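J.: Quick one: structure below, then a few questions.
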Amino acid sequence: MARSARRIDAYTARYRKAAHRGRVALRKSAVDYFRGDGSDWIALAGLFLTIPAILFATLAAPVWCAPESLVLPIVAGGLLLRPASLLGLYAAAAAALIVESAVLGPYTEGAARVTPGTVLVVAACGLFGLLIAQFRARVGVPWRRGGTMLFDLRERIRVQSALPQLPAGWHREMALRPAGGQSFSGDFVVAARTHGGRTLEVVLTDVSGKGMDAGSRALLLSGAFGGLLGSLPPHGFLPAANGYLLRQDWDEGFATSIHLVLDLESGDYELLSAGHLPALQLHAGSGRWEEMAADGPLLGVYDGAEFHSLKGSLRPGDVLMLFTDGLVEAADRDIAEGIDRLTGEADRYVATGFRGAAWHLIEACAKDVNDDRALLIVSRDA
């Protein structure tokens, strides 16, 4: 009796251990599949099971479940499966079509049967699904992870463009609007407080191209520029950025950039430009805007470029605006006219302050322009 009980306990323990291993393996496969690192056998098995289910439903009620319903697992397979697995799914769908055609009879004898059009529709969906699967396999990004990756890239650009907090008496804000309402832009900002927090360094860059076309290069450059900013003396940043861009050897590899180095205690600043548009400074005493233009060539054009700085000072009540050409340039107006329009709209905020003004200025000056637009405002309280 005791021996039988021990034997039952041993079987029970073995069963529990095997069940535990099965649960762990299933959970690991599900997690790997979701991450895109594992096999696609779970999705393949699930889609395989839908084919006989659709087959029996079509044979039982062909009016309600038409033979064309087989495109559903085929479309899902194109989004979820690898090309090799997809071919097996297609073979099962073709076999189901043959069975439906044989059981339901010739299409000339009535409706709800397999017609040549049914075969063409299923075959066309299968072809498009295979093309999508091959593209995903070549890119190496599963469909279930592609959207997450793009979202992560967009968030990284947004985080890298965040401006640091400034001490009391200073205000800064940034607004960026990509071309065509897209999520990726060729304009970006990197900023840091250096020298123990006394100095604010901001770099506004406009990469050649716009929207999605320039988004990948903007992401790469924003990471590189963010690493250079604060690691080099201010006058060494643009030469280092120019050398980095030249080493990439892109077909469309140039960019414009403007580098602001602002002393938060005295208000004195330096501007260094690489082919960028001038900054605009509002002098509170006179109420007039002044263009602050520094000299320097485009980034990524030739080696050994020199960038000369322009010095200025922000007094209490003064405002400094940095912007990209998409904000002031359009097909029906030149840059000078666009700058006049920008300063005219900005004058409306002189009395009330420039808090929240950046986005409204983009809306007022370049709402429908099909180009990347960015505006940075730094102001000193009166």
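J.: When K367 is evaluated against the numbered criteria (1) touching a residue at least 40 places away in the same chain (Cβ under 8 Å); (2) open to solvent by 20 Å² or more (accessible area, probe 1.4 Å); (3) under 29 Å from the mean Cα position of the chain (by Cα), which criterion, by number, is the only one it fails?
T.: (1)
J.: Could you list, in sequence order, the residues of the stretch 102-113 that are open to solvent by 40 Å² or more (accessible area, probe 1.4 Å), free of Cβ contacts under 8 Å to residues at least 24 places away in the same chain and small (G, A, S)?
T.: Matches in the stretch 102-113: A102 only.
J.: A further question on this structure: Tell me, yes or no, whether the stretch 335-353 has at least one residue that is charged (D, E, K, R), modelled with pLDDT of 90 or more and touching a Gly at 6+ places or on another chain (Cβ under 7 Å).
T.: Looking for residues that are charged (D, E, K, R), modelled with pLDDT of 90 or more and touching a Gly at 6+ places or on another chain (Cβ under 7 Å), one finds none in the stretch 335-353, hence no.
J.: Could you say whether any residue in the stretch 31-46 is part of a helix (DSSP H, G or I), modelled with pLDDT of 85 or more and within 24 Å of F128 (Cα to Cα)?
T.: Yes, the stretch 31-46 has at least one match.
J.: Please determine, by comparing only the residues of the stretch 274-287 that are touching a Ser or Thr at 6+ places or on another chain (Cβ under 7 Å) and in a strand (DSSP E or B), which one is surrounded by the most Cβ atoms within 10 Å (Cβ to Cβ).
T.: Ranking the qualifying residues of the stretch 274-287, first place goes to A274.
J.: Going by the structure shown, is A358 open to solvent by 10 Å² or more (accessible area, probe 1.4 Å) and either under 23 Å from A214 (Cβ atoms) or at pLDDT 90 or above (or both)?
T.: The answer is no for A358.
J.: Got a number for residues in the stretch 45-66 being surrounded by 14 or more Cβ atoms within 10 Å (Cβ to Cβ), out of contact with any Lys or Arg (no Cβ under 9 Å at 6 or more places or on another chain) and in contact (Cβ under 8 Å) with a residue 40 or more places away in the chain?
T.: Qualifying residue count, the stretch 45-66: 8.
J.: Can you tell me which residue is modelled with the highest pLDDT among those in the stretch 195-209 that are assigned to a strand (DSSP E or B) and among the charged types (D, E, K, R)?
T.: E201
J.: OK, next. With E290, E306 as the choices, which residue is charged (D, E, K, R) and surrounded by 13 or more Cβ atoms within 10 Å (Cβ to Cβ)?
T.: So the residue among E290, E306 that is charged (D, E, K, R) and surrounded by 13 or more Cβ atoms within 10 Å (Cβ to Cβ) is E290.
J.: Picking from L120, L86, L127, L72, which residue would you name as being open to solvent by less than 30 Å² (accessible area, probe 1.4 Å) and assigned to a helix (DSSP H, G or I)?
T.: Residue meeting the stated conditions: L86.
J.: Please go through the stretch 99-117 and pick out each residue that is over 45 Å from the mean Cα position of the chain (by Cα) and assigned to a helix (DSSP H, G or I).
T.: V99, E100, S101, A102, V103, L104, Y107, T108, E109 - these are the residues of the stretch 99-117 that are over 45 Å from the mean Cα position of the chain (by Cα) and assigned to a helix (DSSP H, G or I).
J.: What pairs come out if I take residues in the stretch 323-337 that are in contact (Cβ under 8 Å) with a residue 24 or more places away in the chain and pair them with residues that are assigned to a loop (DSSP other than H, G, I, E, B) and open to solvent by 60 Å² or more (accessible area, probe 1.4 Å) whose C-beta lies under 6 Å away, six or more apart or interchain?
T.: If the second residue must be assigned to a loop (DSSP other than H, G, I, E, B) and open to solvent by 60 Å² or more (accessible area, probe 1.4 Å), the pairs left are I335/E329.
So that you can scan it fast, the table gives a plain yes or no per residue for (1) open to solvent by 40 Å² or more (accessible area, probe 1.4 Å); (2) out of contact with any strand residue (DSSP E or B) (no Cβ under 7 Å at 6 or more places or on another chain); (3) closer than 18 Å to H195 by Cα; (4) part of a helix (DSSP H, G or I):
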position: S216; (1), (2), (3), (4): yes, yes, no, yes
position: L232; (1), (2), (3), (4): yes, yes, yes, no
position: G236; (1), (2), (3), (4): no, yes, yes, yes
position: I258; (1), (2), (3), (4): no, no, no, no
position: V261; (1), (2), (3), (4): no, no, yes, no
position: Y269; (1), (2), (3), (4): no, no, yes, no
position: P297; (1), (2), (3), (4): no, no, no, no
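J.: Taking the condition touching a Lys or Arg at 6+ places or on another chain (Cβ under 7 Å), open to solvent by 30 Å² or more (accessible area, probe 1.4 Å) and not acidic (D, E), does R177 pass?
T.: Judged against the criteria, R177 is a match.
J.: Can you pull out every residue in the stretch 130-150 that is modelled with pLDDT of 75 or more and either surrounded by 15 or more Cβ atoms within 10 Å (Cβ to Cβ) or not in a helix (DSSP H, G or I) (or both)?
T.: L130, I132, A133 - these are the residues of the stretch 130-150 that are modelled with pLDDT of 75 or more and either surrounded by 15 or more Cβ atoms within 10 Å (Cβ to Cβ) or not in a helix (DSSP H, G or I) (or both).
J.: Every residue in the stretch 341-355 that is surrounded by 13 or more Cβ atoms within 10 Å (Cβ to Cβ) and out of contact with any Phe, Trp or Tyr (no Cβ under 9 Å at 6 or more places or on another chain), please.
T.: R341, E345, Y349, V350, G353, F354
The values are calculated or read from the model by the stated rules, or taken from the named source; none is laboratory data. Fair warning: this is a prediction, and the values are worked out from it, not measured in the lab. Every residue, glycine as well, gets a Cβ built from its backbone with ideal geometry; the counts of neighbours run over all protein chains shown. Keep in mind that these areas ignore ligands, DNA and RNA; they rest on the heavy atoms of the full protein, side chains included. Shrake-Rupley method; radii C 1.70, N 1.55, O 1.52, S 1.80 Å.
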